[in-house]
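See below for the structure under consideration.
Derivation of every value follows stated rules applied to the coordinates shown; laboratory data play no part. What you see is a predicted model; the values in this text were computed from it and never measured. Glycine gets a Cβ as well: all are built from the backbone with ideal geometry, and neighbour counts include every protein chain shown.
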Ligand code: ADP
Ligand code: MG
């Protein structure tokens with residue numbers, strides 16, 4: 001047992017700590033505040049404390065739990081709302097932090113609740129770590145698969161079906177020497193990635209229903225993406241849209257130190273949302289981790305590890321999991337604050353030199369993987385981090401470090417947000433390094449022409465950027481009729497396609513089928529209009545056609561009625577074909 005010799009905000013130093021290890025969890029003072037050893041020098045330990053430290057004094061005791069910071073994994077996680085070290089936040093009011101009494105460690109997973117365990121293996125079967133031995137219906141949406149914990153394997157000596165709490169033994173696995181009791185509860189140290197058999201190349205998109213994302217800058221299942229953007233550019237709205245609509249099996253949403261009311265919004269809004277695919281509340285596939293800026297800085301630092309460990313756990317059941325972190329900048333600031341208090345040598349803008357490696361460690365835990373176990377199964381974790389550079393300056397360290405890691409970059413622009421073009425993803429600077437790999441999937445699953453149409457709208461947008469320069473120099477009148485049409489087509493791409501209102505009942509989500517039909521309307525209009533122009537039709541006559549209005553309204557056509565878009569396409573083709581040469 002050690003004693004506190006120094007207190008500096010969330011950091012304390014204790015001596016007499018020769019027996020602890022790095023990253024051990026300790027209990028501080030008689031109140032039992034939770035802390036983690038983050039530096040060891042001789043018998044002195046620097047400890048980041050996950051709770052308010054203002055009442056502590058020197059001389060108070062510090063005891064080691066001899067365990068690293070870990071999360072509890074088992075049935076009952078889904079629908080849970082936790083803080084950064086997985087303490088359940090029962091009610092909204094708890095978000096303020098004052099409802100959580102200091103030193104309290106409520107179990108993350110209910111110890112009393114019983115779950116109906118259904119074995120999937122039988123006595124005498126051989127199992128290895130990662131194998132599913134039974135299932136539990138966690139709720140109407142999620143089947144929780146109970147696996148053999150890592151480090152254990154052998155013959156099933158006993159397996160029971162029936163109602164069990166997470167601490168009761170459901171199976172006994174014998175490795176010849178030792179009999180291992182298996183329960184439905186596992187623990188895992190958050191700073192260590194859970195093992196897997198093999199990383200797989202990303203070949204399938206995570207469908208988000210967000211047109212600019214799916215069509216122009218798609219993310220692969222198991223991929224990594226960043227959403228950088230200044231304050232108010234729409235990072236949080238986009239993250240919410242992805243959490244709501246992406247076709248992952250499980251969502252882990254880490255609200256990482258953004259404004260308090262943003263997290264309150266999440267906690268208010270998520271429980272109300274209905275999953276369009278299951279008709280069930282979205283919370284039935286979601287785990288929320290909430291850290292507002294007024295909660296202890298150290299807990300914020302831990303929250304993304306807690307989040308990704310839970311994500312990996314569901315990946316290991318064979319699920320496609322998506323984790324959103326909003327915002328990683330707030331997380332990095334927590335890292336900076338702790339580093340400053342440790343008096344480490346500061347790097348750029350005061351961030352520690354290990355900022356990039358810590359960020360990389362987080363994103364590297366994403367991926368599509370072959371799971372451990374004796375049967376071949378695949379699971380994935382897709383990671384999407386918001387970055388909020390101060391003043392929108394992308395040259396700052398967190399943005400730069402993130403950019404070197406991620407494969408998808410959805411750059412939000414304040415200029416677009418100012419014009420109320422949402423999502424404010426700047427198509428000229430954003431990219432997806434998965435596009436080429438995923439093209440084949442779109443060809444097979446959406447339409448053979450999908451990639452060709454996608455390429456066309458990119459070209460139209462590039463062309464607009466070039467023409468914009470000319471217009472700025474010599475005015476719109478200097479443009480040829482052809483270029484005017486291109487400018488109009490680009491406007492249509494921006495307004496009728498890329499612009500998507502997250503708060504509109506229908507517009508908030510667009511299926512890939514509908515995306516393709518919309519693309520076809522906009523691009524085919526452009527090409528047919530160009531042909532009309534070649535026949536001698538005037539630009540003004542083309543732009544006056546009634547079908548243009550219909551194209552603009554295509555996004556509001558409900559999914560169950562998308563064949564109406566074929567009707568619009570037919571009208572459009574007819575209207576353009578009927579246009580006569582100017583002087584006729
Ligand atoms: P940030 O998290 O980057 O600070 P927010 O996500 O809070 O920004 O967005 C700021 C505001 O922009 C929102 O309150 C909303 O009014 C508007 N907004 C952002 N994205 C959209 C969208 N897709 N559809 C409609 N409005 C949006
Ligand atoms: Mg935000």
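Sorted from greatest to least, the principal axis extents spanned by the alpha carbons of region 199-358 come out as 51, 37, 32 Å. When peptides 424-434, 234-244, 323-333 are ranked by their average number of other Cβ atoms within 10 Å per residue, the highest-first order is 323-333, 234-244, 424-434.
Angle, helix 235-245 long axis vs. longest principal axis of the chain, Cα atoms, 0 to 90°, nearest 10? Around 90 degrees separate the two axes. Can you give the angle from 0 to 90° between the axis of helix 297-315 and the longest principal axis of the chain, with both taken from C-alpha atoms, to the nearest 10? Compared with the principal axis, the helix lies near 80 degrees.
Taking the DSSP bridge list for the chain and keeping only pairs wholly inside it, about 70 percent are antiparallel. Here the peptides 338-345, 299-306 are ranked by packing, the mean other Cβ count within 10 Å, and the order with the highest first is 299-306, 338-345. Considering helices alone, the calculated mean residue ellipticity of the chain at 222 nm is -9500 deg cm²/dmol, with DSSP H runs of length four and up weighted by -39500 (n - 2.57) and normalised per residue. Measuring r between the beta carbons of residue 578 and residue 452 and using R0 = 35 Å, the FRET efficiency lands at 0.85. If the chain linking residue 482 and residue 265 were pulled fully straight, counting 0.36 nm for each residue of separation and taking away their Cα-Cα distance, it would gain 73.4 nm. Using only alpha-carbon positions in region 114-271, the gyration tensor eigenvalues give semi-axes of 39, 19, 15 Å once each is multiplied by 5 and square-rooted (largest first).
Over all orientations, the chain has a Cα convex hull whose mean projected area works out to 29.3 square nanometres. For region 351-508, the normalised intensity computed at q = 0.12, 0.17 Å⁻¹ comes to -0.77, -1.25 (log10 of I(q)/I(0), Debye sum over alpha carbons, equal scatterers, no solvent). Compared with the direct C-alpha span, the chain from residue 420 to residue 177 gains 80.8 nm at full extension, assuming 0.36 nm per residue. Measuring nothing but alpha carbons in region 115-184 and taking Rh as the Kirkwood radius, the Rg to Rh ratio lands at 0.96. What separates the Cα centres of region 340-392 and region 9-68 is a distance of 25 Å. One Cα centroid belongs to region 181-225, the other to region 295-328; the line between them spans 11 Å. Against the main long axis of the alpha-carbon atoms of the chain, helix 450-474 sits at an angle near 70°.
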